[in-house]
Structures are given as C-alpha cells and as structure tokens.
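Peer 1: This is the structure I want to talk about, given as structure tokens.
The values are calculated or read from the model by the stated rules, or taken from the named source; none is laboratory data. All values derive from a computational prediction rather than experimental measurement. Positions of Cβ are backbone-derived with ideal geometry, glycine not excepted, and every protein chain shown enters the neighbour counts. In case anyone asks, the SASA skips ligands and DNA or RNA and just uses the protein heavy atoms, side chains included. Shrake-Rupley method; radii C 1.70, N 1.55, O 1.52, S 1.80 Å.
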Amino acid sequence: MKHVTIIITACCLMLATAALTIGLSGCRNNQPEYCTVKGAIKGLKEGTKISLADDFDHFKIIETTRVKDGHFEFHPRISSPTHVYLYSQDDQQLKDFFLEPGTIVVDVDASDEKDMEVNNATGTAANDTFKKIEELEDGGNPEAADALKQEVINATPAGPLALYYAAHWNSSAEALGILDRLMPELAEKQYVAELREELTRRLKTEPAPEGSKPNYFIDMTYPDANGKPVSLSSVVKNPTNRYVLLDFWATWCSGCVEAIPKLKEIYAKYHEKGLEIYSVAENPDVDYWKTFIKEKGMTWVNVCDDQPGRDSKAWKDYTLPGIPTVLLIDGETGAIIARKADMDKILEELFQ
C-alpha cells in the first residue's frame, strides 16, 4: 500500500494544556505567522502540483507546491487555525485536517479513494480530539463519543473543531450557539457570517422548540420513475400515511447508498402501520436513477430532481447542508418533527 506521510510544523507555538482546549491555540496577536508544511509523498508522480485549500474561506488556496524527489514543502502564513483539504492537481481530495500551531502527522494513500474518509491526523489538540471521537464512534462507543463532542462544542471560547461541527450539526439552534462562543480569530471570518445566515434559514425546516409554533413542510413536485409528477403534499395528505419520511439523496453519494438498507428495514417495519417515504434523488442522470432504484428494491415513493445541487428549489427551500438529509413529517398536521435523527427509535415510539 502506498502512503503519504505529511508533517506540518507551525512556527507560532502555544501550549495546549488539555484536550478540552480543542483548537483554542492560535496566533493570539491576530498577525499572520509563518508555518512550515512538509512531508514525503508516495503515490503521486514527480512534479505533481498539490495545494492546501481553506475550508473556512470558500476553499481558497492557501499555498501550492509540487512534488519533488518524493517530498513537498509549504510555507503558509496563518492568523487563525482553520480546517483544510489537501488536493492534488487533478482536484483529488487526499485528506482533510485542522491547520493549527503544532506538528501534524497525516498518512495518505493517494491511490485509494476510501482513504480520504479515514481520519488519521495527529499532533495537535483539534486533530487528536477529532480522531479520538471517530475512534470511539467506530469502536461502538457512541455515548463516549457524544460526551467528548459535547465538551468540544460547549467550550468557551470554541475553536476550529467546534466550528467544523457547527457546519454539520443536526440542530441549527445549537450550531448558532457554537458560533456565539467562537474564539475571536474565527468569529470575525466571513465564513462564520455566511454560516450564521444559512443556519438561521435552516431553522425554518427543523423541528420547532417545544412550546413554539411548529415548522411545516414546504411542498415540491417532481416526476417519478414513470414520468408522473408526484407532489410531497399529495403524500403527506394521504389519510393512510400517518408519517412521511422526506429523504434527500443521490446515487453518487456513498453515505446515501449505505443508508438504503436501513431505509428498507424501516419501510418494511412501519409501512403497514402508516409510514411512507418520499425520496428525492439529486440525480442529473435520470435513466441511471431509474435502473438503480429498481435494482435496490426501493419500493416507496421515488422522485428525481434532474437539476440537482444548490440551485435546486428544494435544496434552497430546505437549506440542505448536504446529503443524505432525512426529515420526518406528521401526516396529520404537516409539521416537521425530526431531522437527521435516529428515525428508527423515534418511529418505534410513535407507532407504539
């Protein structure tokens, strides 16, 4: 197996006193500081261009260099910690990690696409803690992972790992709370202002806090596999459907495909009791989508948005952070009662 070993040494150093200071280290004087990024590369050709892209700045390239004699070297200047992606010249994502003061080691298999999903960055507070959380989740200890994650997002001030979680958090209200506690170097970023605006919009399509006015589903109409337009409202208002799962997915999305067996299990278990699924595929290749849902045995309501992405009306209406995204709608009231949650557990309680 070919691997890339990346060592990142930042010039501005601060003492990380404990794991709970996750990513709180930074250049406190807010002045850009030189950092050294270097390592040995295998699996990429001599002269291949590689870049560090800033996730918290619209993937702006921080610095670019080329592979030379199996090695590379960057000298970026950063004024605050951030989350970055390492790209090859053909836009292949090699790894993502947190760029912050300290020494970071990342092993990369440039020939294995799945290696991008393996988090093995170590050496600084944010990276070590992120890796620990994923190890706990993968090791079957979600309670401990959630406890550590809660410590991260509740920290004051909150660092880059907390900001990363805010962008991927299930509850927009909680995510907005994270933004309110960010360290000054991060709070002043344009990325944070844009994320705050997005989270505020997304609040309208999430379960409303107890005691407040419910948020209701926003209707949409797309063609099914036979070309017949099917509206979400027609499914929700069908008197036989007590609850409707609104599922945004795509055939090209690995996480979505991995979720199909669970959806099939839920559908088989609760359909006769009053559950329907309305799956919206974000697929420009409609013919492939038709074949795919048939082969996978997806027998619920399937429709296809053949103009997917962030320009899609449904994507904008629901302010989707990405896919898969699943919402649960009350068929009697039309209220959204869950979003990106353990639907099996919720449905079990609802259908008791």
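Peer 1: Taking Asn283 as meeting all but one of (1) surrounded by fewer than 17 Cβ atoms within 10 Å (Cβ to Cβ); (2) touching a helix residue (DSSP H, G or I) at 6+ places or on another chain (Cβ under 9 Å), write down the number of the exception.
Peer 2: Of (1) surrounded by fewer than 17 Cβ atoms within 10 Å (Cβ to Cβ); (2) touching a helix residue (DSSP H, G or I) at 6+ places or on another chain (Cβ under 9 Å), only one is false for Asn283: (1).
Peer 1: Can you spot a residue in segment 314-334 that is open to solvent by less than 50 Å² (accessible area, probe 1.4 Å), in a helix (DSSP H, G or I), touching a strand residue (DSSP E or B) at 6+ places or on another chain (Cβ under 8 Å) and within 21 Å of Ala167 (Cα to Cα)?
Peer 2: Narrowing segment 314-334 to residues open to solvent by less than 50 Å² (accessible area, probe 1.4 Å): 314-315, 317-331, 334.
Applying the additional criterion that residues be in a helix (DSSP H, G or I) yields 314-315, 317.
Going one step further and asking which of them are touching a strand residue (DSSP E or B) at 6+ places or on another chain (Cβ under 8 Å), we end up with 314-315.
Next, from what is left, pick out any that are within 21 Å of Ala167 (Cα to Cα): 314-315.
Within segment 314-334, one or more residues are open to solvent by less than 50 Å² (accessible area, probe 1.4 Å), in a helix (DSSP H, G or I), touching a strand residue (DSSP E or B) at 6+ places or on another chain (Cβ under 8 Å) and within 21 Å of Ala167 (Cα to Cα).
Peer 1: Another one. Among (1) at pLDDT 95 or above; (2) in contact with a Leu (Cβ under 9 Å, 6 or more places away or on another chain), where does Asp180 come up short?
Peer 2: Here Asp180 clears every test but (2).
Peer 1: If you go through segment 75-98 one residue at a time, how many are surrounded by fewer than 20 Cβ atoms within 10 Å (Cβ to Cβ) and among the basic types (Lys, Arg)?
Peer 2: Within segment 75-98, residues that are surrounded by fewer than 20 Cβ atoms within 10 Å (Cβ to Cβ) and among the basic types (Lys, Arg) number 1.
Peer 1: Follow-up question, since we're still on this one. May I ask you to verify whether Ala110 is open to solvent by less than 30 Å² (accessible area, probe 1.4 Å) and assigned to a loop (DSSP other than H, G, I, E, B)?
Peer 2: Taking the combined requirement at face value, the residue satisfies it.
Peer 1: What single numbered condition from (1) at pLDDT 95 or above; (2) farther than 24 Å from Thr240 by Cβ; (3) open to solvent by less than 50 Å² (accessible area, probe 1.4 Å); (4) not basic (Lys, Arg) fails to hold for Gly297?
Peer 2: Just one mismatch for Gly297, condition (2).
Peer 1: Still on this model: Being assigned to a strand (DSSP E or B) and either over 16 Å from the mean Cα position of the chain (by Cα) or more than 19 Å from Thr200 (Cα to Cα) (or both) is the filter here; which residues of segment 335-346 pass it?
Peer 2: Passing the criteria: Ala335, Ile336, Ile337, Ala338.
Peer 1: What residue, among those in segment 113-135 that are of a type in the set (A, V, I, L, M, F, W, C) and not in a helix (DSSP H, G or I), is most open to solvent (accessible area, probe 1.4 Å)?
Peer 2: Here the residue is Val118.
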